[in-house]
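These notes concern the structure reproduced below.
Coordinate-derived values only; no laboratory data. In this text the structure is predicted, and so the values were computed from the model without any measurement. Positions of Cβ are generated from backbone atoms using ideal geometry, with glycine treated the same way; all protein chains shown enter the neighbour counts.
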Amino acid sequence: MAFTSLNLSDFRNFKNTQMDFNSSQIFFIGDNGQGKTNIIEALYLLCYGSSFRVRFDNLMINNDSNTALIKGDFLDHNELNKKISIQLSRSKAKEIVVDDKRVSDRKELIHNIPCVVFSHNDMQIIIGAPYLQRRFFNQTLSIYDIVFIDLLRKYKKILSYRNRILKERKFDLLDVYNIKLAQYGLEIQKKRENTVASFNPIFSDLFQRITGFKEQLVIHYEPSWKECSDENNVLDILKRRQEKDVIWKNTTSGPHRDRFFFYLGKNDFLKIASTGQTRLISIILKIAQAQFYTEVTQKKPLLLLDDVLLEIDKKKRELLIRLLPAYDQAFFTFLPDEDFASYEKSGTLKYLIKNGVIQAWNEPEIY
């Protein structure tokens with residue numbers, strides 16, 4: 001799976017730009033604020049139909065325009081040529097088209113070009129609010145399991161209804177929604193348990209190889225319904241917590257309250273880890289995500305690496321590059337003074353980005 005071209009019209013700071021990608025490894029080189037990350041965002045948008053940077057689509061439209069168009073040609077896992085386009089508008093919902101067929105649900109995109117993005121904000125997965133860890137594992141499941149996407153949507157819908165009942169105090173409907181919440185919630189919990197169990201050996205091995213630590217760093221999954229083995233157990237918890245839920249006007253237990261911790265031996269590692277170690281863990285987590293996807297599906301994801309190696313020392317940086325999982329295509333962003341030449345492969349394609357203009361790297365005179 002690989003992109004062969006990208007076209008941007010009024011996307012971020014790119015007015016009308018076309019790029020060809022006849023390579024498995026592409027470097028975007030330029031100073032900060034020139035548009036490197038915007039290209040990475042555009043590629044991610046074509047993969048999943050949403051941004052990894054912003055929630056609102058209109059923020060990706062050039063300030064001088066009311067619409068933006070992102071188009072890409074790619075080879076799918078059967079080496080068939082396909083086309084995808086996404087039209088963004090300030091006044092209408094975005095329109096996604098794959099091979100002249102309009103896509104009504106973003107989940108239809110996932111198996112076209114599954115990708116893993118590495119960004120500077122990944123450290124928030126480790127140190128940020130618990131919902132960010134839940135979202136990471138939800139994404140890890142979603143990129144290969146469409147059933148999980150539907151399950152998560154059903155759970156969120158029932159949860160929303162139940163919270164509305166609590167706020168409006170229409171308790172006669174509560175039992176019906178409790179049963180559905182228990183059913184969907186336990187399925188999510190089981191899938192998360194199985195995923196963490198399979199993910200941990202990959203993650204722990206990478207951590208030891210990169211850091212040299214003798215002890216394993218292990219992810220501990222602590223579900224909100226920890227002691228529940230069936231729906232009746234969950235219904236008992238919901239009943240016991242009902243008074244508290246009514247006071248808070250919110251459902252205070254369930255998969256939306258699950259937690260994930262990082263333990264080195266018996267210690268919560270994040271309580272003692274340095275900023276550098278935390279940054280390193282976030283990168284290892286993404287490498288493990290890509291490797292996990294390959295082991296589960298026997299397919300290689302697209303890799304998008306956006307300035308994630310800047311704050312890692314040279315030795316670990318080189319090791320991380322060597323330990324990247326096999327990929328059909330990878331996109332990297334670099335500053336001009338970085339030693340990106342040491343990461344090149346035969347046929348690496350290099351682009352220079354400045355002020356929303358893209359040129360071949362062999363034309364350095366604009367600097």
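Let me see the P(r) profile for segment 208-249: every Cα-Cα distance counted, bins of 5 Å, each bin given as a percent of all pairs. Percent of pairs per bin, in order: 5, 17, 15, 13, 11, 7, 8, 7, 10, 6.
From its DSSP helices (H runs of at least four residues, each -39,500 (n - 2.57)), the chain gives a residue-normalised ellipticity at 222 nm of -12500 deg cm²/dmol. So what's the gap between the Cα centers of segment 29-77 and segment 83-101, to the nearest angstrom? Cα centroid of segment 29-77 versus Cα centroid of segment 83-101: 13 Å apart.
Is the C-alpha gyration tensor of segment 1-153 telling us rounded, prolate or oblate? Criteria: a/c under 1.5 is rounded; beyond that, a/b larger than b/c is prolate, otherwise oblate.
rounded
Pairs over the 22 Å Cα-Cα cut-off, from the set Lys107/Lys226; Lys266/Lys286; Lys156/Lys244: Lys107/Lys226; Lys266/Lys286. Full extension of the chain segment joining Asn163 with Asp328 gains 55.0 nm, where the gain is 0.36 nm per residue of separation less the Cα-Cα distance. Semi-axes of the equivalent ellipsoid for segment 50-105, computed as √(5λ) from the eigenvalues of its C-alpha gyration tensor and ordered from largest down, come to 24, 12, 11 Å. Every Cα-Cα pair in segment 128-207 was counted, and those over 20 Å apart are 44% of them. Largest first, the extents of the alpha carbon coordinates of the chain on the three principal axes equal 71, 54, 37 Å. The average projected area of segment 22-82, computed from the convex hull of its Cα atoms over all directions, is 5.5 nm². Gyration tensor analysis over the Cα atoms of segment 91-250 returns equivalent ellipsoid semi-axes of 31, 26, 15 Å (largest first, whole Å). Membrane-span-like helices of the chain, defined as complete DSSP H segments with a Cα extent of 15 Å or more along the helix axis and a mean Kyte hydropathy of at least -0.5, are identified as 36-48, 146-168, 174-211, 275-297. Both radii are taken from the alpha-carbon atoms of segment 82-121; with Rh as the Kirkwood radius, Rg/Rh is 1.04.
Annotation note: GluC sites (Glu not before Pro) in segment 1-104 located in DSSP loop regions with a Cβ neighbour count of at most 13 within 10 Å are Glu79. For segment 240-332, the average shadow cast by the Cα convex hull is 9.9 nm², which is a quarter of the hull's surface. What aspartates and glutamates sit close enough to Lys170 to cross-link, taking a C-alpha to C-alpha distance under 19 Å and skipping anything fewer than 8 places away on the same chain? Filter leaves Glu243, Asp245. The simple Förster model, with R0 at 30 Å and r as the Cβ-Cβ distance, assigns Lys266 and Ile321 a FRET efficiency of 0.35. In plain terms, the chain from Glu227 to Leu59 could stretch by 56.1 nm, reckoned as 0.36 nm per residue minus the Cα-Cα distance.
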